[in-house]
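Only one structure is covered here, and it is reproduced in the block below.
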Amino acid sequence: MARLELKRVIKSYGNYEAVRGVDLDIADNEFVVFVGPSGCGKSTTLRMIAGLEHISGGEIAIDGRVVNRLQPGERDIAMVFQNYALYPHMSVAENMSFCLEQQRMPRAEIEARVRRAAETLHIGALLDRRPGQLSGGQRQRVAMGRAIVRNPKVFLFDEPLSNLDAKLRVQMRTEIKRLHQLIPTTTVYVTHDQIEAMTMADRVVVMNAGLIEQAGPPQELYHHPASRFVAGFIGSPSMNFLDARLEISGDDLVLVLADGLVLRVPEAKWARYRPHADEPVVFGIRPEAMSGTGGRAGAVALEVTVDLVEPLGAATMIYFDLAGATLCASIEPEHAPAAGSSMTLHLDMNRMHLFDAASGRAL
Amino acid sequence: MTLANASKPILRRDEAGGETVRYALFVLVAGLVALFFLMPIVWSIANSFKPAAEALADPVSLVSSAFSLENYRRLEGVGAGWTSYAANSVVVALGTVALTVLVAVPAGYGFSKFRFPGQTLLFVLVMATMMIPFQSILTPLFLILKWLRLQNSLFGLVLIYVTFQLPFSIFMMRNAFDAVPRALIEAARIDGASQWTILRRIMLPIALPGVATVAMFAFLNSWNEFLAALIFLSDQNKFTLPIMLVNVSSGIYGIIDWGALQAGITVTMVPCIVLFLSLQRYYVRGLTAGAVK
Ligand SMILES: Nc1ncnc2c1ncn2[C@@H]1O[C@H](COP(=O)(O)OP(=O)(O)O)[C@@H](O)[C@H]1O
Ligand SMILES: [Mg+2]
């Protein structure tokens, strides 16, 4: 039950700045997911919130109270670590009650709380076991149990699912989400997996090289990426990018690709893109914005030779070369051709994106 | 078809037979090796319970005509009596264990979990003292003890043993604490535990095999040590068991009392064996801690 504010937070290791000024305001009970490539500073930011790393610059406040100088134990936060960090010599119950003991809570209340948390997480039968006797999924639950017994102001998760197999990961993902609905608490969750970020977050924060690239609801990041980096990071398979020039041709605004191919920009986008005419840009289009069937307004038909076909069941991925790059399209399985054959592909230009070639900012 | 089927069980029986032979061979060889190492111990114990005359006359046989505690009674007559020497040894060994653990645990913790200037140099210096031969510093040690008025004192002897035990012990404890994952300490910090609570409730229990190893080595080394005890203790009442053994074997009336000597050896040996066996599980884990993962 708390607001969490980060004001120009910086972390430097010697001359190297791992976090270069992060500004973020997290609302009460909000579920925020930090996502980004490895080494972009997600964990460092989380650990500064937790108090495990000294804050080199800026301010972190929980519920309006600046916590920069507080010990981790004084911040009223709970953290779930990647490798769970369960105390191996203590039983599950002891693991969960350890922090309550530190608060000198009466024995009876500790037991009641542990029992309640164990029920919530369906680990009531495991209370007497040692962590070494548990499966990965069970350890994960115990780690979460240890976090919820103390009823903290903020939950912190650092890649909690990356040690689980794919199936369990999906299951625990929904479970964490369910837990958050059951016990609404301000949550910061770190992951490098954009699917985890998209499915769990109220708000996704995309980080890159120690800075926030964009923060917003998952759909907003998907539909309106602020930069080429975000566009490429969010969505799977990734958005296709092609170098292009924006040109005015008669009454039309067109994209000229590297091989001279011309794509017409739909009228709805003219007002937005016209000022950038004659600039080198990067044209972005998601695999999902291409289709085997045409007929939609703003669609552009392309004749392509398919190099590779990947049937996924619900959709089929096809790969083809265009203007010196390999592109991926997600099409209806019934339109999928055999590898090596050619087909007509319809690009939904209403779903096109343009980025500044130099800065990568969305236009 | 039938032939092929019939041949299968025969083949399996052959394989099983091979297994059995190999296992029997293993048991035989292992048994022989064990016997080889156990024999001196068994022999000492057997002789210690023979009547004194028989131990002297026929030391080789394992079985005796009569069970007798005579040798132990004779040992009582050596100097201040074996029980008081055993008591001295116990005091020295336990003192060494206590003091070694008390210093090595915090030192190892410091070297493992904190960073301070000159840390590596200090650690290397401590380790380097392991290479100093004991004999070469006997004289300075003697002078220092004299200056401290601790010559001919069990406590002085304990201090010397602890000094020689520390480098290895600090090394062991540092490794033991290194093996405790950093995330556990961080989790404990988030749980609101103080430094002291973290050491006591998280680190020490996990590093316990290391502590057991350190304690065992301190016990065995101080229990068996001879030279320092001989040099630094001059009062007969303060001797430890190894010195008593020499006094027995050098003879009270000019001849070696074999029975009493075997009794003395038994008394000296049994605590070591019991300790080793009871701590064996920890000890093996302690030595390999940090080696894996
Ligand atoms: N203790 C440290 N000393 C020096 N550099 C560090 C330290 N911890 C992390 N870094 C660097 O800071 C950057 C961000 O790390 P981190 O926050 O762990 O990334 P991630 O986003 O993968 O969690 C990385 O380049 C890493 O190498
Ligand atoms: Mg990380």
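The values are calculated or read from the model by the stated rules, or taken from the named source; none is laboratory data. Here the structure is a predicted model, which means the values were calculated and not measured. Glycine also receives a Cβ, built like all others from the backbone with ideal geometry; neighbour counts cover every protein chain displayed.
So, of the residues in segment A:27-56 that are in contact with an Asp or Glu (Cβ under 7 Å, 6 or more places away or on another chain) and either part of a loop (DSSP other than H, G, I, E, B) or farther than 13 Å from A:V190 by Cα (or both), which turns out to be nearest to ligand 1 (Cβ to nearest atom)?
A:L52
Identify all residues within segment B:40-80 that are modelled with pLDDT of 80 or more and assigned to a loop (DSSP other than H, G, I, E, B); write none if there are none.
Listed by number, the residues that qualify are B:F49, B:K50, B:P51, B:F67, B:S68, B:L69.
Please verify whether segment A:184-194 includes one or more residues that are within 16 Å of ligand 1 (Cβ to nearest atom), of a type in the set (A, V, I, L, M), touching a helix residue (DSSP H, G or I) at 6+ places or on another chain (Cβ under 7 Å) and closer than 22 Å to A:V154 by Cβ. Let's see the steps before the verdict.
The first filter runs over segment A:184-194 and keeps only residues within 16 Å of ligand 1 (Cβ to nearest atom), leaving A:188-194.
Pick out the ones that are also of a type in the set (A, V, I, L, M) and you get A:188, A:190.
Next, only the ones that are touching a helix residue (DSSP H, G or I) at 6+ places or on another chain (Cβ under 7 Å) stay: A:188, A:190.
Within this subset, residues satisfying the condition of being closer than 22 Å to A:V154 by Cβ are A:188, A:190.
Yes: segment A:184-194 contains one or more residues that are within 16 Å of ligand 1 (Cβ to nearest atom), of a type in the set (A, V, I, L, M), touching a helix residue (DSSP H, G or I) at 6+ places or on another chain (Cβ under 7 Å) and closer than 22 Å to A:V154 by Cβ.
Could you tell me how many of the residues in segment A:114-142 are part of a helix (DSSP H, G or I) and either within 32 Å of the chain's Cα centre (by Cα) or of a type outside the set (K, R) (or both)? Talk me through it step by step, then tell me what you get.
Start the filter on segment A:114-142 by keeping residues that are part of a helix (DSSP H, G or I), which leaves A:114-120, A:124-126, A:131-133, A:136-142.
Cutting the leftovers down to either within 32 Å of the chain's Cα centre (by Cα) or of a type outside the set (K, R) (or both) gives us A:114, A:116-120, A:124-126, A:131-133, A:136-142.
Matching residues across segment A:114-142 total 19.
Could you list, ordered by first residue, the pairs with Cβ atoms under 8 Å in which the first is in segment A:25-53 and free of Cβ contacts under 8 Å to residues at least 40 places away in the same chain and the second is more than 11 Å from ligand 1 (Cβ to nearest atom) and in a loop (DSSP other than H, G, I, E, B), at least 6 apart or interchain?
From residues that are free of Cβ contacts under 8 Å to residues at least 40 places away in the same chain, the pairs are A:D25/A:R3; A:M48/A:I55; A:G51/A:V67; A:G51/A:L70; A:G51/A:Q71; A:G51/A:R75.
Can you tell me which residue in segment A:143-168 is farthest from the other protein chains (Cβ to nearest Cβ), limited to those that are within 16 Å of ligand 1 (Cβ to nearest atom) and in a strand (DSSP E or B)? Lay out the reasoning, then the answer.
We begin by selecting, within segment A:143-168, every residue within 16 Å of ligand 1 (Cβ to nearest atom); these are A:156-163.
From the residues that got through so far, the ones that are in a strand (DSSP E or B) too are A:156-158.
Details: A:L156: 8, A:F157: 13, A:D158: 9 Å.
Applying the filter and picking the extreme gives A:F157.
Which residues, counting only those in segment B:176-211, are over 20 Å from A:M105 (Cα atoms), of a type in the set (A, V, I, L, M) and either surrounded by fewer than 17 Cβ atoms within 10 Å (Cβ to Cβ) or at the interface with chain A (Cβ under 7 Å from one of its Cβ atoms) (or both)?
Here is the first cut: in segment B:176-211, the residues over 20 Å from A:M105 (Cα atoms) are B:176-186, B:199, B:203-211.
Now drop any that are not of a type in the set (A, V, I, L, M), which leaves B:176, B:179-180, B:183-185, B:199, B:203-204, B:206-208, B:211.
Within segment B:176-211, B:A183, B:L184, B:I206, B:L208 qualify.
At least 1 residues that are more than 27 Å from B:Y282 (Cβ to Cβ) in each: list the helices (runs of 4 or more DSSP H) lying fully within segment B:170-270 that qualify. If you could, list the steps in order and put the result at the bottom.
On the way: elements: B:182-190, B:204-224, B:227-232, B:241-249.
Output list reads B:182-190, B:227-232, B:241-249.
Of these, A:G41, A:G51, which one is in the same structural domain as A:D193 (by TED's automatic domain parsing), within 16 Å of ligand 2 (Cβ to nearest atom) and over 23 Å from A:R178 (Cα atoms)?
On the way: A:G51 fails: within 16 Å of ligand 2 (Cβ to nearest atom).
Being in the same structural domain as A:D193 (by TED's automatic domain parsing), within 16 Å of ligand 2 (Cβ to nearest atom) and over 23 Å from A:R178 (Cα atoms) holds for just one of A:G41, A:G51, which is A:G41.
Listed here are the residues, each with its yes/no results for (1) within 10 Å of chain B (Cβ to nearest Cβ); (2) more than 30 Å from A:G132 (Cβ to Cβ); (3) more than 16 Å from ligand 2 (Cβ to nearest atom); (4) buried (at least 17 other Cβ atoms within 10 Å of the Cβ).
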position: A:E30; (1), (2), (3), (4): no, yes, yes, yes
position: A:I55; (1), (2), (3), (4): no, yes, yes, yes
position: A:Q71; (1), (2), (3), (4): yes, no, yes, no
position: A:Q102; (1), (2), (3), (4): yes, no, yes, yes
